[in-house]
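The values are calculated or read from the model by the stated rules, or taken from the named source; none is laboratory data. What you are looking at is a predicted structure, and each value in this text was computed from that prediction instead of being measured. We place every Cβ from the backbone using ideal geometry, glycine too, and count neighbours over all the protein chains shown.
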Amino acid sequence: MAVFTYDAEEANLIHDFANNFFDNSEAAETSILQLESAPGDPELINALFRAVHSIKGNCGILGVDPLADLLQELESILELVRTGEIVFQTLIGDITLLIFDRCNAFVVSLDRHLEARYDADLFKAISQQMGQAVSVAPEQRSAVLIKALSLLDPDTSQLLQAPNKDELLNRFQIEASADLLFVMQLAEQTQSRAAFWQGRIERILSWLIALNEYAGQPVPPEQLLVAVCLHDIGMAMLPSTVILKESPLTADEKQSIQNHVWVASRLASSFPDWHMAKMIIDQHQENFDGSGYPFGLRGDEICTGAQLLAVVHAFEAITHGYSKTLSRKRPLMRAVMELNRFSGTQFNPKWVDTFMEVTRVT
């Protein structure tokens, strides 16, 4: 590890630099999140570019070369976005967030101790990879950027893995009745409807039941399991043209997706022992602030199981990248930012905070 140090007499200067960095990084993160839904918005792109440019400029003035070199290559990528040569995509957003995360650790240490330890070889490799992304042919750019992402967060180079259902049943001591096994088997078949659904049910169940257990099991685990399985069976009843559609959905297509709540709920109503699972399905699209559907419930009018499922569903969607192809893992920090962004509006802050604790200990 290399060590970057600064003169103790310049402590106040470094403190001002750190505060400026924190302000600009927060602004950049906000722009990235907004660009997810408006990737071509020139104001957001320019705001992100200015934030990176400002931090890089301050690093250059103060001689914080390890960060200046890294941010220069990032700025070059964002310049291509700004000029329209490439379109902003989640991959660029993830890389930017991870670079800011590295920079943040560096700046915090420098502000507190007037020194920062960093992996000079890794910083150099990331910078070189980013520089290569600027110079390669457009059709090669994504592959080069994916390699840069894997350098920043090696965990993203692994395909999403799903635990075995039998392991889940044993781990959480869920007794598998004949009806439960039947529903699980049906749900497993739904994953063949789309490649990007592979392993989805097991991943959701693993996080959901772990969250429930960490919180003291406010919901019987088997009810959560049934709700997840029947939910995805209901989703699988959508036409493949909707499931696989890449372009924006029409109003009718959006309505058909919302109807999955009723389809899954009707299935659950056939089993008297699964009344709680039915309630979870009925309410899992409700929002904490009352803006959800189908009933417009708010706060603790929404049952606990539905509140838990809403958080885990969002986490799965974020880490899986909203992709129509079998995707790589996305950075955990991306999911943390997104969940925190909607804490108090879409999600109960209590369960967002609890889930963050689960991700740290799992």
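Listed values, structure above:
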item: Helices (runs of 4 or more DSSP H) completely within the stretch 181-281 that count 2 or more residues being in contact with a Gly (Cβ under 8 Å, 6 or more places away or on another chain), under 27 Å from Leu297 (Cβ atoms) and hydrophobic (A, V, I, L, M, F, W, C); result: 221-236, 260-268
item: Flag if Phe4 is outside any helix (DSSP H, G or I), within 19 Å of Asp101 (Cα to Cα) and touching a residue at least 24 places away in the same chain (Cβ under 8 Å); result: yes
item: Inter-residue pairs, beta-carbon under 8 Å, first free of Cβ contacts under 8 Å to residues at least 12 places away in the same chain and in the stretch 49-67, second among the small types (Gly, Ala, Ser) and assigned to a helix (DSSP H, G or I), 6+ apart; result: Gly60/Ala68
item: The stretch 269-318, residues that are free of Cβ contacts under 8 Å to residues at least 40 places away in the same chain, small (Gly, Ala, Ser), surrounded by fewer than 18 Cβ atoms within 10 Å (Cβ to Cβ) and on the phi < 0 side of the Ramachandran plot; result: Ser269, Ser270, Ala317
item: Meets criteria (assigned by TED's automatic domain parsing to the domain that holds Leu169, modelled with pLDDT under 90 and either crowded, with 18+ Cβ neighbours inside 10 Å or of a type in the set (A, V, I, L, M, F, W, C) (or both)) for Thr241; result: no
item: Residue within the stretch 52-62 that is within 29 Å of the chain's Cα centre (by Cα) and surrounded by fewer than 19 Cβ atoms within 10 Å (Cβ to Cβ) present; result: yes
item: The stretch 63-100, residues that are of a type in the set (Val, Ile, Thr) and surrounded by fewer than 18 Cβ atoms within 10 Å (Cβ to Cβ); result: Thr83, Val87
item: Candidate set: the stretch 47-66, residues that are small (Gly, Ala, Ser) and assigned to a helix (DSSP H, G or I); chosen: the one farthest from Arg82 (Cα to Cα); result: Gly60
item: Looking only at the stretch 194-238, and only at residues there that are within 23 Å of Ser270 (Cβ to Cβ) and within 18 Å of the chain's Cα centre (by Cα), the one that is modelled with the highest pLDDT; result: Leu208
item: Failed item in (1) out of contact with any strand residue (DSSP E or B) (no Cβ under 9 Å at 6 or more places or on another chain); (2) at pLDDT 95 or above; (3) buried (at least 22 other Cβ atoms within 10 Å of the Cβ), with Val107 passing the rest; result: (1)
